[in-house]
1. Quick one: T39, T28, T20, T219, fewest Cβ neighbours within 10 Å first, how do they rank?
2. For the chain, set up a GNM with springs between Cα atoms under 10 Å and report which of Q22, Q60, Q103 has the largest fluctuation.
3. Averaging the inverse of every distinct alpha carbon separation and then flipping it gives the Kirkwood radius. What is it for the range 3-126, in angstrom units?
4. Just want the ordering: I172, I141, from fewest to most Cβ atoms lying within 10 Å of their own Cβ.
5. If you count the DSSP beta bridges with both ends in the chain, what percent of them are antiparallel, to the nearest 5?
6. Filter the trypsin sites (Lys or Arg not before Pro) in the range 156-233 to those in DSSP coil with at most 16 other Cβ atoms within 10 Å of their Cβ, and list the result.
7. If each residue's Cβ is checked for other Cβ atoms within 10 Å, how do C93, C159 rank with the fewest at the top?
8. Within the chain, what is the number of lysine pairs with alpha carbons under 15 Å apart, leaving out pairs fewer than eight places apart on the same chain?
Amino acid sequence: GGIGSLKKCVSAGEALPDATRQLWKQATGIEIIDGIGATEMIHIFISSPPEAVRRGAIGQVVPGYQARIVDDDGQPLPPGAVGRLAVKGPTGCRYLADVRQSQYVQDGWNLTGDAFSMDADGYFFYQARTDDMIVSAGYNIAGPEVESALLAHPAVAECGVVGVPDEERGQIVKAVVVLREGQVPSEALARELQDFVKRTIAPYKYPRAVEFAAALPRTETGKLQRFRLRQAG
């Protein structure tokens, strides 16, 4: 009984923040096995065994599947480039007499709604849902990357990052932050979090708007409802 009987741990449903992965490893000694699948594919198609985990990556292609990163025209992109994830394998879905067939399946490749990059070793790195990518002053910014940076700050319990309209920049990055117990919202703390993101990832990715909240909107399965954060402005 107890935690000592735990052999493996699997994450699914949302991108696994690196801070969560590290805290779990420190507490249990066990690597979390991350992975991504899709309802349309009926299977996980990218994952890694514990001994092959690479920091920040979802994993590599599961045997039997192929995956690549493509541009808006469906053409393959080189390692390091951010684009749409395309997957091919023994499972999948077809839309009969439905316009979604031409949108979702092209030349046998199932086009997901996820933005990814792939490194030279074939490890896939999640960026965001394609409709969650933030374009601010010409920069493409992945909300989950900013969330991971904020979660590494000791004052932050959880957070959600979205793009909100801005006349000058098109969009700006907005963070909705739930603080850990004992932490008090303040303008000084908001500035501290902004500076922390600048130092952790890149200055242009920092949240220009920070809002503190008691809780985040989630589905019954725990997925963050970013569209509700966008609606709230």
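Since every read-out is calculated from the coordinates, none of them should be taken as a lab result. Predicted, not measured: the structure shown is a model, and the values here were computed from it. Because the Cβ atoms are built from the backbone with ideal geometry, glycine has one as well, and the counts that use them run over all protein chains shown.
1. T39, T219, T28, T20
2. Answer for the Gaussian network model of the chain: Q103.
3. For the range 3-126, the Kirkwood estimate is 15.5 Å.
4. Fewest-to-most ranking of I172, I141: I172, I141.
5. The antiparallel fraction comes to roughly 85 percent.
6. R169, R180, R208, K223
7. Taking fewest neighbouring Cβ atoms as first place, the list is C93, C159.
8. Lysine pairs satisfying the spacing and distance rule in the chain number 4.
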